[in-house]
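The values are calculated or read from the model by the stated rules, or taken from the named source; none is laboratory data. Note that the structure is predicted; figures quoted are calculated from it, not measured. Every residue, glycine among them, receives a Cβ derived from its backbone with ideal geometry; neighbour counts consider all protein chains shown.
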Amino acid sequence: MSFRRAVSLACGFAGGSAVLVCAAVAADKHGYFADRCRLRETLAAVRAAQPPAWPTANGWDYNWDKRDPSSLVNGKRKESAGDSGSPDAESSKPKATRHIFLIRHSQYNLKGDGDKERILTPLGREQAEYTGQRLAALGLKYDVLIHSSMTRATETASIISKYLPGVELVSCDLLREGAPIEPVPPVTHWKPEAVQYHEDGARIEAAYRRYIHRADPKQKEDSYEIIVCHANVIRYFVCRALQFPPEGWLRMGLNNGSITWLTIRPSGRVALRALGDSGFMPPDKLTRT
C-alpha cells in the first residue's frame, strides 16, 4: 500500500490533520518514507495547516463585569446558610435581560472647524430619521436614550428622540469619539500618538464599564436602552463584550446611523443580535464617513 493510499483511508475514517500526522508516522514505520527529510517536511506542512485551537467553554469569564452573584455574596454567610439556601445569594441574582442598542451617529460635515461646526449634513439628518423610524417600528419599550456629548451624536439623538416620545435623553462625555486601543493589524492612514491611546483608551474603557454589564438584581423587567455614539466606541464595546481581543476593533465597519444590538442575560452571557444594521435605509442613503 502506498503512503498516499494509507493517508487517504485514514482521513476517510476519522478526518482531520491529526489523523494525517498519525498516518505519516505509521507509514514511516512501515518504510513508506525512504527519506527522513521528506517525512519531516510532510509533518511540518501538516502541522502548519492545522486550524488554530478555539477557546473552550471554560475560556468564557462569567464574572467579566464583576457582577457574578457568587462573587458578591459574603463568604461566611454562604457557609452558614448553604450556597442554594442563602438569602443573600438569591437576592443578588440578576433576573432581567438588558438590551443595548448602539447607534452610530449620522453623516456629518467633515470640513467643520472643531466639534461645534461638525454638524449633520442634510443626508445625515435623513439617516437619523430612518434610524428613529426603525427603532420605533421595533415596538419596544425603551428606557433611556444616552448620547455622546459631541455635536454629531447629540443631533442624531435629538432626531431619533422625535420617534420615541417620553424616552429620557441623557448626554455623556465618556462616549465621545477617540482611539480606544492600538489596532492589530496596524493601519497606515490613521496613526494617533501614543498619548491619545493612553487618554482616550481609559475614558472609553470607563464608558464600557459604566454601560455594558448585566442587570442590577433590583431590576424586575427586561430593559431596552439606546446609546448614540461613535464607530470606534461601538466597535471596542463589541469586542470587549464578546471577550474578543479588543485590538481587533478596527476590522469592523459601521455605516452611519446603523444599529448594533447587544443582549446581556442575567447569567452574564452576551449575544450580538445585530452588528451595524442599516438595511432599513435605501441603498443610496448609505454612507460610512
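Taken over segment 212-228, the residue count meeting the criterion of being of a type outside the set (Phe, Trp, Tyr), part of a strand (DSSP E or B) and over 15 Å from the mean Cα position of the chain (by Cα) is 4. Tell me, which residue of segment 110-131 that is more than 20 Å from SER278 (Cα to Cα) and among the aliphatic types (A, V, I, L, M) is surrounded by the fewest Cβ atoms within 10 Å (Cβ to Cβ)? Per the stated criteria, the residue is LEU110.
In segment 180-191, is there at least one residue being among the acidic types (Asp, Glu) and either loosely packed, with under 13 Cβ neighbours inside 10 Å or over 22 Å from the mean Cα position of the chain (by Cα) (or both)? The answer is no; no qualifying residue exists. Look at segment 131-146: where a residue is at negative phi and of a type in the set (Val, Ile, Thr) and a partner is in a helix (DSSP H, G or I) and surrounded by 17 or more Cβ atoms within 10 Å (Cβ to Cβ), sitting 6+ places away or on another chain with Cβ atoms under 7 Å, you get THR131/ILE160.
Residue by residue, here is whether (1) crowded, with 21+ Cβ neighbours inside 10 Å; (2) in the same structural domain as VAL270 (by TED's automatic domain parsing); (3) modelled with pLDDT under 95 holds:
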residue: GLY85; (1), (2), (3): no, no, yes
residue: HIS105; (1), (2), (3): yes, yes, no
residue: TYR108; (1), (2), (3): yes, yes, no
residue: GLN133; (1), (2), (3): no, yes, no
residue: GLU155; (1), (2), (3): yes, yes, no
